[in-house]
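S.K.: What follows is a single structure, and I will ask about it in a moment.
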Amino acid sequence: MNTGCGDYDLLRRRVEEMIRRLGREPAAPGFGTTLWSPATDVFETETGAVVKMELPGVRAEHLSIVLVDDRLLIRGRREDPDAGRKVRYHQMEIAYGPFAKLLYLHVPFDREGIRATLKDGFLVLVIPRAKQRRPERIAVEIRL
């Protein structure tokens, strides 16, 4: 559609792209700038925490999940199936390339029981809550 405002339309598209890029923060300090950040839900259940990340088009072999203390780093990349082909986009909203997301887990968890599945475009991590340790009484020797 020709609105007669070619410069305005170009400016509008550039501003929209800048706004989209502003929302793509480097999610993990020290890991460089990411091109996109997948939508992620983190919630608690009675038995632990669940991380659900929207990753359509990302293959399992392109994912890395690292747990350090109470931090969960999920990195990966989505390949562009049209990379290398000569195409002229009329609209481009799907982000491709690397991503990284750093999440802080605010509950003690059982590292050995974590399960991860990638199915139907969603990565789901089920993180069981750690069993509460019983307080231990420590004997204190008093010397006079």
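S.K.: For each of 118, 11, 105, 144, count neighbouring Cβ atoms within 10 Å of the residue's Cβ, then give the residues from fewest to most. Display every interim value, and only then the final one.
M.R.: Values: 118 15, 11 11, 105 18, 144 2.
Fewest-to-most Cβ neighbours within 10 Å comes out as 144, 11, 118, 105.
S.K.: If you rank 93, 79 by fewest surrounding Cβ atoms within 10 Å, what's the result? Walk me through the numbers before you get to the answer.
M.R.: Working: 93 8, 79 12.
With the sparsest Cβ surroundings first, the list reads 93, 79.
S.K.: Ordered by residue, what ³J(HN,Hα) values in Hz, to whole numbers, does region 43-48 give under the Karplus form 6.51 cos²θ - 1.76 cosθ + 1.60, where θ = phi - 60° and Gly and Pro are x?
M.R.: Rounded to whole hertz, the list is 9, 9, 10, 5, 9, x.
S.K.: Roughly what would the spin-label model give for residue 88 and residue 52, points 7 Å off Cα along C-beta, in nm?
M.R.: 4.2
Quick note: the coordinates plus some simple rules give every number you see, no bench work behind them. For clarity, every value in this text was computed on a predicted model and none was experimentally measured. Neighbour counts are summed over all protein chains in view; Cβ atoms, including those assigned to glycine, are modelled from backbone coordinates with ideal geometry.
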